[in-house]
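Following: one structure in C-alpha cells, then a few remarks.
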Amino acid sequence: MAGVMHNWSWLIPALPFTSFLVIIFFGYKLKDRASHLLATWMMMLTIVGAGLLLLERIGGNAPEQFTQAFTWISTRNLVIPFTTNINNVTAIMLFMVSITAGMIHLFSQGYMKGDVRYSRFFALISLFSASMFGVVLTDHFITFLIFWEIMGFCSYALIGFYFEKRSAQLAMKKAFITTRIGDVGMLLGIVMLFMTGAPLRFSEMPAYFAHGHNPLGATLTTIIGLLLFCGAAGKSAQFPLHVWLPDAMEGPTPVSALIHAATMVSAGVFLVVRVFPIVAASTVTAAVVASIGAFTALITAILGLVMNDIKKVLAFSTMSQLGYMFLGLGVLAYTAGVFHLINHAFFKACLFLGSGSVILACHHNNDMRRMGGLARFMPLTYATFLIATLSLMGIPPFSGFWSKDEILGGVYARAAEMGGAYWLLFIAGEAAAFLTAAYMTRLLFLTFAGRFRGNDEPSPDYVADMEALQQQQVSYEVKRYGESLGGLETLYHEDEEHGDDHHHEVQPKESPWVITAALMVLALFGGFFGLLGAAPIGISWWQGFIHFGHAEHEATNWMVVGISTAMAFGGVATGWVIWGLKPQAAMRAFRASWVQALRTLLLNRYYIDAFYDKVIVRGMMEFAKALWAFDKWVIDLIVNAVGAGTKLIAYAYAWFDLWVVDGLVNLAGYMWLGIKRVIRPVQSGQLQHYMLVVLISAVLLWLFKYLF
Amino acid sequence: MPELHLLVLLQDGQAAMSLAEVFAQFGAFLRTFFVEFGPRQFFTVGALLFCIGWYGVLVRRNAIAVLMATEIMLNGVNVIFVAFNRWWGLKITRAAFTAAEQVLSPVGQVFAIFIIIVAAAEAAVGLAIIIAIYRARRTANIEDLNTMKW
C-alpha cells in the first residue's frame, strides 16, 4: 500500500490533459454540458489523487524524496527524463492546485454559462491545469520549462479569450512578451547550469549546492541564481516585469482566479522553491530576491488603493502577496514562503471567484463605481469574500495572518542577523501589510457596503473611462475592418435574454450553487488552512512538514506578531475611516491638488507602463523599422540585382537555345526529310519491282563471286 | 563430262581460249548433255523452270498469272531438291523399314512434298486473296495493287 499514489502520480497531469484532448478535438460536437462535466469530473479525480498523495506523505508511507522517471531524450552527455519528483512541497502544491483548479472548474460552469466559446474555455483551463501539475511534479529543468511554456501559452490564450476586444489583444501580447523576457533569462540560467556541469534535476540540487562545498563558486552561483530568478519574476509579475498582470484581468474571471492569482503566478515562486539550494547558496541572489519581492509588495499595494476595477485591485494585491513570498524566500524563510504561497492561493482564488460572482450579479461590469451594497443581495458571496479578505489582510486567526507573520518574523530574524539595509525589507513588509488591509477595506466598502449604485446616473469619470475604452475599440475596428462594427456593445450579447433594452435596471441576485459551493470550499481552505501552521498559538504541524534542510523551531517573536497585528488592524481602521465613515476632513484632503496629482500618478501605475511603451516598445519598433529599411534598400537591392542578372543570362541562353540548339535539332529533321525524298521511290509497292531488284541483286552477287 | 566455262573467257584480260575452242567445247557439251542421266540435267531443268517462273512473276500483269508463275518457281526448286537427294543425299544406316545395310535419306523428297503441300495451300490462299481484291477493286492487275508502299 505504501506509496501507491506516488507510483501513479503521473495520472494527476494526465487526467486533465485527457479532458483537454477530448474537448479540443470533439468539443464542437459535444454539448456544452458534456465539456464542463468531463473537465470538472477529471479535476475532481485529480483532487482525490492529490489528496491521497498528500495523505501518503503525511502517513510517512513514502521516501523523503520520491522520484520516478522514464527517459525521454538520451544522448552522450545529456539525459532528459520525464521524472516525477515528489516531496512534501510537491504534495502540498498538488493538493492546493487541484483544489483551486477543481473549484474554479466548478465555478466556471456558472460563470461562463452561454459563452460564445464555452468548450474552448474548458479545454484551455484543462490544459492549463495539466501543465501546472506538470510544473509541480517534474524533476528535470527542461521538462519543467516545457510545462512552464505550455502554461504561458494557456495564459496567453485565456487572457485573449475575448480576442475581438482590442484591450484583450493588447493584454495578451503584453503578458506573453513580458513573461518571455523573463523566460529568456531563465533559459540562460538553465544553459549555464548545464555548461557548468551542475545538475539540471531539482532532486540533485540540494546535495550539489550544499553549504560549504559548492563546486561552482560564489560568482557563478549568483549569476545562475539571478538568471533563474528572471524567469520567476516574469511569471510571478515582480518588478520590473510586473506590468502584464493587471492587464491580464481582461480574461474571464475564473481565468484570473486560476492562472493570475492561484497557480501560474505562484509557479514563479515555486521555481524559486525548487531551486532554493541555489538561492540559499548565494547571499546576493537571496538579497535580490528579497528586495525585489519587498519592493514589489510595497509599490503594488499602494496601487491597490486607487484602482476602480475590482479585479485590478485584486491583481495588484496578488502581485503584492507574491512579493511577500519572494521576500520570505529571499530571507531564507523557506517554510514561511511556501506557507504563504499555499494560503494565498486559496484565499486569493476565493477572492477572485467572489469578485466573479459579484461581476456576474452586476451583469459583467467590473467597475466598483457601479457596485455597492451587494452584501444584502448576495449574502453567501459576501460571507466567503469577507473570510478571504480577512485572511488576506492578516487579521488573526485567519490563514493569511499566520503565514504573513511567519514571513515577517523571518525578515526580522534575517535583518537582525545581517543588519543595515535589511531593515528596509522589514519596514517595506510591514508597510505593505498596512496598505493591504487598507485597500481591502476600501474594496469591501465600495463593493458590499452602502447603497447599490448600478442603476444610478453614471459619474463623469466612469463615463470618461468607458468612452476611452469604446474609442480604443472603435478605432481598432476602423483600422482593422475599415469601418466600426459597433464597438464594445455589439461584441458579446450577454444580455440577449433581455431583448434590445440595454438600459434595463440591474437587479443583483445571489449566484447559482456551482458558484457559491466553490466559494465556500475555497473560503474554508483560504480562511482556515493557515491554522495548521499557527506557531504562535502552538500549532506547528506545517513547520514540521515543510522545511529546507532540518526543521528549525524558532521561538515566536512576539514583537513581530504585535507589529503585524497592529498594522493589519491599523490598515482596516484607516480604510474604515476614509472609505467607510468619509469624514469631512478626508474629503477635503482628497480634493487637495497634490493628492489628486498622486492619484493620477497611481492610476497610471507610476507611468511605468507608459515608460516601457515609450522607451522599450517604441525603441524596438524604431529598431525594427530601421531593419526593415535596411532590408528593403540593401538586401532587397542585392537580391533584385541578382535576379535581374539571372534574367539577362536567361534571355541570352534562350536565344542560343532557340537558334542554335533547336536549329541543330531541326536540321537533323530536315536532313532526313531530304533523304526520304530520294530513297522513297525504292519502295514503290509494285511487287514486280521488288522481284526485279532481287533478281538484279542475285545476278550481281553471282558476278561478284566470279569477278572478285 | 566437259565443263562449261563461258565466263572464264575474259580472265586476266585475255582470252583463255579461242572462239573455235569455245564452240568446240560447247558442241561437246551439247553432245554429252542430252544423253547423260545425272544431277546436272536435273539442275538445269530446275533452274530453267525457276527462271521461267521468275520471268513470269516479273512480266505478267494478271495476278493469277503471277501466282501461276510462282508455282513454276516452286516446282523448279522441287526438281533440284529431289535431284540433290538422289545423287548427294545422306546415306543413313539401319533404317526402320528396310533390311538393307545402307539407304538414302528421303530428306530431299520430304522437302519437295512439303513444298507441294505449302504451294497448294498458298495457291488456295492466294487465289482467295485475289478474288477478294477483284471483288473490292474490280481488277486483278498487279500494277494497280501498289498501295503497300512508303
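A compact table of results
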quantity: Environment charge at A:R591 (Cβ cut-off 13 Å; Lys +1, Arg +1, Asp -1, Glu -1); calculated: +3
quantity: Rounded to 10°, Cα long-axis angle of helix A:11-26 versus longest principal axis of chain A; calculated: 60 degrees
quantity: Cβ-based net charge around A:D247, under 13 Å, with every Lys or Arg adding one and every Asp or Glu removing one; calculated: +3
quantity: Sequence-separation-based contact order of the range B:32-142, relative, with Cα cut under 8 Å and 6+ spacing, percent; calculated: 25 percent
quantity: Shape of the range A:87-227, Cα gyration tensor, a/c cut at 1.5; calculated: oblate
quantity: For the range B:55-117: rounded, prolate or oblate by the Cα gyration tensor [a/c cutoff 1.5]; calculated: prolate
quantity: Shielding by partners - mean other protein chain Cβ count within 10 Å, residues of A:695-708; calculated: 1
quantity: Computed E for A:L700/A:D662 - FRET, C-beta separation, R0 41 angstrom, nearest 0.05; calculated: 0.40
quantity: Residues A:T143, A:T283, sorted so that the one with the fewest Cβ neighbours within 10 Å comes first; calculated: A:T283, A:T143
quantity: Cα-based helix-to-principal-axis angle, A:399-418 vs chain A, degrees rounded to 10; calculated: 90 degrees
quantity: Tilt relative to chain A, helix A:460-481 - C-alpha long axis, 0 to 90 degrees, to 10; calculated: 10 degrees
quantity: Kirkwood Rh in Å, taken over the range B:32-142 so that all alpha-carbon pairs contribute; calculated: 16.1 Å
quantity: Euclidean distance of C-alpha centroids, the range A:185-246 and the range B:37-113, integer Å; calculated: 113 Å
quantity: Exceeding the 19 Å Cα-Cα cut-off - candidates A:K705/B:K91; A:K312/A:K348; A:K509/A:K582; A:K348/A:K582; calculated: A:K705/B:K91; A:K509/A:K582; A:K348/A:K582
quantity: Within chain A, helix-based [θ] at 222 nm, where runs of 4 or more DSSP H residues each add -39,500 (n - 2.57), nearest 500; calculated: -22500 deg cm²/dmol
quantity: Sequence-separation-based contact order of chain A, relative, with Cα cut under 8 Å and 6+ spacing, percent; calculated: 12 percent
quantity: Neighbour-count ranking [beta-carbon atoms within 10 angstrom, fewest first] of A:T285, B:T147, A:T436; calculated: B:T147, A:T285, A:T436
quantity: Directionally averaged shadow of the range A:294-349, computed from the convex hull of its alpha-carbon atoms, nm²; calculated: 3.5 nm²
quantity: Positive dipole terminus of the protein assembly as shown, leading residue within A:W402, B:A83, A:G643 (C-beta point charges); calculated: B:A83
quantity: Shielding by partners, peptide B:141-148 (average Cβ within 10 angstrom, other chains); calculated: 3
quantity: Most to least packed among A:259-268, A:588-597 [average Cβ atoms within 10 Å]; calculated: A:259-268, A:588-597
quantity: Local electrostatic count, A:V561, Cβ distance below 13 Å [Lys/Arg +1, Asp/Glu -1]; calculated: -3
quantity: Nitroxide proxy distance, nm - points 7 Å out along Cα→Cβ at B:L19 and A:E489; calculated: 14.0 nm
quantity: Shielding by other protein chains, A:684-693, mean Cβ within 10 Å; calculated: 5
quantity: Computed over the range A:27-121: relative contact order in percent, which uses C-alpha pairs under 8 Å that are six or more apart; calculated: 37 percent
quantity: Overall form of the protein assembly as shown per C-alpha gyration tensor (a/c, 1.5; a/b vs b/c); calculated: prolate
quantity: Percent breakdown of C-alpha pair distances by 5 Å bin, ordered from the shortest bin, for the range A:86-144; calculated: 4, 18, 23, 21, 14, 10, 7, 3, 0
quantity: Sorted by Cβ neighbour density within 10 Å, fewest at the top, the residues A:M621, A:M319; calculated: A:M621, A:M319
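Where a number appears in this text, it was derived from the coordinates with a stated rule and is not lab data. These numbers come from a predicted model, not from an experiment. Cβ: placed from backbone, ideal geometry, glycine included. Neighbour counts: every protein chain shown.
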